[in-house]
Amino acid sequence: MELRGITKRFPGVVANHDIDITIHRGTVHALVGENGAGKSTLMKILYGMQKPDEGTIGIDGDQVSFHSPADAIARGIGMVHQHFMLAENLTVLENVVLGGEKLHGIGAKARAEILKISDRYGLGVRPDVLVEDLGVADRQRVEILKVLYRGARTLILDEPTAVLVPQEVDALFDNLRELKAEGLTVIFISHKLGEVLSVADDITVIRRGTTVASVVPGETTPKQLAELMVGSELPSPQTRESTVTDVEMLKVEGLRLTTADAEGVERTVLEDVSLTIHKGEVLGIAGVEGNGQAELVEAIMGMRDPDSGIITLDGTDISHLPTRTRREDGIGYIPEDRHRHGLLLEAPLWENRILGHVTQKPNAKGRLLDLKAARADTERIVAEYDVRTPGIEVTAASLSGGNQQKLIFGREMSHHPKLLIAAHPTRGVDVGAQAQIWDQIRTARHEGLAVLLISADLDELIGLSDCLRVMYRGRLVADADPATITPEELGSAMTGAASGHLTHSDNDSAAEQEPRSSQEGESE
């Protein structure tokens with residue numbers, strides 16, 4: 001595959017400028033660059049979602065022009081987007097066959113093919129589950145299966161490891177090597193430079209919309225790649241300076257939550273969860289996605305009503321208060337899924353700056369919105385947090401995923417919260433922005449901010465947390481010392497395996513009732 005002179009302009013910004021890339025059949029080709037560098041736009045061009053203003057695309061020696069993704073699919077190209085393209089009210093099977101009904105029908109034959117692909121690549125996909133009942137990691141697996149179901153020979157994977165623990169990353173990379181061995185090509189977009197170096201055969205670096213280097217993994221380092229991307233050394237979140245006080249900011253006691261699945265069967269997603277976070281403390285929650293982390297966050301935010309339990313913020317019982325009141329009382333919120341719970345994608349940036357804080361300054365003056373002040377503060381956030389945008393009137397949908405994340409982080413930190421609920425705060429951001437977010441969390445923590453941190457980046461969890469707790473099957477089952485535990489040990493504990501650097505959690509009622517050996521190797 002050859003891309004020559006690819007240029008794409010949008011109002012007020014040039015997303016791609018004169019990009020040249022050569023991709024060889026049967027290889028894993030990594031594409032790296034900072035947020036807003038133009039990676040996603042380039043891949044949308046290759047997938048037929050955008051048409052280049054200039055330049056040519058060659059596939060197997062033929063010059064092609066795609067008018068839609070259907071044209072790209074016909075040439076064997078499939079794309080798994082950073083933000084998934086799934087219909088939540090449909091089942092996995094319905095999502096996979098949608099638009100591809102002619103391949104294997106919509107019934108037993110399609111189900112058999114889905115299970116065959118799922119088993120072959122270890123995806124663990126269940127055809128009859130509603131997508132809205134799946135966690136982020138499972139949704140990603142459905143997207144990968146969709147692409148393979150359509151017979152893609154070239155797979156574009158945009159940030160595929162963002163939600164995976166180390167063992168899952170290793171399994172994915174094994175799958176990619178199998179695909180490569182069968183002659184398939186993978187275009188791999190990631191900000192995790194260590195992973196890029198371990199899996200890629202070739203690496204192309206994009207900066208400010210144009211190619212700046214092509215390198216071979218064996219001849220470069222993460223530090224050198226970071227310098228090519230953003231001109232700075234690869235940062236580390238590691239810090240051991242304690243700022244923990246004895247003032248309890250968040251106390252959760254005996255939280256229990258049940259929910260009904262698509263078939264109406266009730267299941268327990270949180271069981272006897274208790275935790276305390278003090279002023280100046282970062283409490284990290286580690287766990288494979290789908291083990292109750294999302295439900296815990298939503299219960300604390302007032303988005304779900306638990307069956308029992310007490311939630312106390314700075315000495316006040318907030319268990320029955322609405323989400324808006326909890327926000328006004330000092331809770332900042334960075335959601336797991338920024339598109340579903342963090343942004344209005346078709347609204348301009350200044351309206352998204354108001355979102356969740358409509359009653360607070362500078363967005364409000366008395367009972368009225370202060371739009372002039374909100375716009376001015378949006379300009380400040382854009383500048384302070386380096387949100388790459390032509391202006392605050394563009395829609396949130398026009399930003400790259402990393403720049404959307406920086407906007408949300410800037411919005412929440414601007415209200416000086418007492419407690420920050422941070423679910424994957426650096427998901428999809430480049431190494432430079434990641435370092436900035438880490439520094440902001442450290443600074444605010446030093447000033448007394450309490451943080452509940454949930455992240456799939458185990459280095460981030462270990463580096464930023466004062467205390468680590470492991471969540472498994474809706475329970476907090478173990479505690480870990482960030483100063484001694486390794487990412488590998490933490491990743492094993494997340495799947496139910498024991499570790500020498502973990503201690504039994506006091507409220508692990510499940511462990512008292514069933515042997516640890518019965519849980520090993522299992523996760524929901």
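The values are calculated or read from the model by the stated rules, or taken from the named source; none is laboratory data. The shown structure was predicted, so the numbers you read here are calculated from the model rather than taken from an experiment. In this analysis, Cβ positions are derived from the backbone assuming ideal geometry, glycine residues included, and neighbour counts consider all displayed protein chains. Areas reflect the complete protein model, heavy atoms only, side chains present, ligands, DNA and RNA absent. Shrake-Rupley method; radii C 1.70, N 1.55, O 1.52, S 1.80 Å.
Restricting attention to the chain, close to 55% of DSSP beta bridges with both partner residues there are antiparallel. Per residue of the chain, the DSSP helices (runs of n ≥ 4 H) give a summed -39500 (n - 2.57) that works out to -9000 deg cm²/dmol at 222 nm.
Could you tally the net charge around R25, taking each other residue with its Cβ under 14 Å from the Cβ of R25, Lys/Arg +1 and Asp/Glu -1? Once all neighbours under 14 Å are counted, the net charge is -3. Label zone (A70, point 7 Å along Cα-to-C-beta; backbone nitrogen cut-off 18 Å) within the range 43-57: 47-51.
For the cross-link pairs K8/K44; K192/K279; K279/K361, the ones whose C-alpha atoms lie over 20 Å apart are K192/K279; K279/K361.
A straight chain from E227 to E447 at 0.36 nm per residue would run longer than the Cα-Cα distance by 76.1 nm.
Along the axis of the charge dipole computed for the chain (Cβ charges of +1 for Lys and Arg, -1 for Asp and Glu, origin at the Cα centre), the listed residues H104, G61, Y472 are led at the positive end by G61. By the rule of a C-alpha distance below 23 Å, with chain neighbours fewer than 8 residues away ignored, the lysines paired with K116 are K102, K146, K180. The overall shape of the range 42-131, judged from the alpha-carbon gyration tensor, is prolate: a/c is not under 1.5, and a/b is greater than b/c.
Would you please give the FRET efficiency between D60 and E488, computed as 1/(1 + (r/R0)^6) with r the Cβ-Cβ distance and R0 = 51 Å, to the nearest 0.05? Working from the Cβ atoms, E equals 0.80.
Annotation for the range 1-99: GluC sites (Glu not before Pro) lying in DSSP loop with at most 14 further Cβ atoms inside 10 Å of their Cβ are E88.
Per-residue packing, averaged as other Cβ atoms within 10 Å, sorts the ranges 122-131, 218-227 into the order 122-131, 218-227, beginning with the highest. Between D174 and A364, the modelled label-to-label distance comes to 5.3 nm, taking each label 7 Å out from Cα in the direction of the beta carbon. Each other residue within a Cβ distance under 10 Å of L468 adds +1 if Lys or Arg and -1 if Asp or Glu, for a net charge of -2. In the chain, one over the average inverse separation of all distinct C-alpha pairs is 24.1 Å, which is the Kirkwood hydrodynamic radius.
Largest accessible area first, the residues S492, S242, S465 order themselves as S242, S492, S465 under a 1.4 Å probe with ligands, DNA and RNA left out. The heavy atoms of R326 present about 10 square angstrom of accessible area, all protein chains included, probe 1.4 Å. Using a probe of 1.4 Å, the accessible surface attributed to F173 totals some 10 Å² when neighbouring protein chains are kept in position. Residue order by solvent-accessible surface for M301, M1 is M1, M301, largest first, with ligands and nucleic acids left out and a 1.4 Å probe.
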